[in-house]
1. For the full complex of protein chains and a 1.4 angstrom probe, list 108, 83 by accessible area with the highest value first.
2. Let me see the P(r) profile for the chain: every Cα-Cα distance counted, bins of 5 Å, each bin given as a percent of all pairs.
3. Would you mind working out the accessible area per residue for the chain, using a 1.4 Å probe, and quoting it in Å²?
4. Over the Cα atoms of region 1-61, compute the convex hull volume and normalise it per residue, giving Å³.
5. For the chain, build the charge dipole from Cβ charges (+1 Lys, Arg; -1 Asp, Glu) around the Cα centre, then report which of 58, 92, 7 sits farthest towards its positive end.
6. Using the Karplus equation 6.51 cos²θ - 1.76 cosθ + 1.60 (θ = phi - 60°), what ³J(HN,Hα) coupling, rounded to whole Hz, does each residue of region 90-96 give in order, writing x for Gly and Pro?
7. Based on the mean of other Cβ atoms within 10 Å per residue, sort peptides 4-16, 69-81 so the most packed one is first.
8. Express the carbon and sulfur contribution to the solvent-accessible surface of the chain as a percent, rounded to the nearest whole number, probe 1.4 angstrom.
Amino acid sequence: QVQLVESGGGLVQAGGSLRLSCAASGRTFSFYAMGWWRHAPGKEREFVAAISWTGSSTLYADSVKGRFTLSRDNAKNTVYLQMNSLRPEDTAVYYCAADVDLATVQAMPHYWGQGTQVTVSS
């Protein structure tokens with residue numbers, strides 16, 4: 001089992017920045033690909049970004065490319081989502097996710113955190 005706890009959400013103005021963190025515990029964190037999904041009101045949950053267990057490979061949704069950066073610190077069992085140039089359409093609950101590889105995190109991850117709210121005002 002892997003337990004995931006997100007933090008760092010909040011309210012920010014358009015154009016601003018936030019950094020989300022996801023702390024993992026349980027099975028060896030460094031062997032899992034990690035990522036983020038988000039769920040906005042009235043929309044389906046969507047993939048945001050994923051990072052391999054080594055940190056050498058990343059995937060991003062087209063809507064966040066060039067604005068969001070995902071990184072990980074295996075010594076701290078933590079992944080970070082740096083979100084810059086935020087837009088009102090980025091408003092959503094952001095969920096940390098984990099699974100065995102990038103493709104699975106992008107498609108249907110097995111492990112989920114409880115979510116953290118990000119609100120971007122115009």
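1. Of 108, 83, the descending order of accessible area is 108, 83.
2. Here the calculated profile for the chain is 2, 13, 24, 27, 19, 10, 4, 1, 0.
3. Result: 50 Å² per residue.
4. So the per-residue hull volume is 116 Å³.
5. With unit charges placed on the Cβ atoms, the residue in question is 7.
6. Once rounded to whole Hz, the list reads 7, 4, 4, 8, 9, 10, 7.
7. 69-81, 4-16
8. That fraction is 50 percent.
The values are calculated or read from the model by the stated rules, or taken from the named source; none is laboratory data. As the structure is a prediction and not an experimental result, all values here were calculated from the model. As a convention, Cβ positions derive from the backbone with ideal geometry for all residues, glycine included, and neighbour counts pool all protein chains shown. Only protein heavy atoms, including side chains, enter the accessible area calculation; ligands, DNA and RNA are left aside. Shrake-Rupley method; radii C 1.70, N 1.55, O 1.52, S 1.80 Å.
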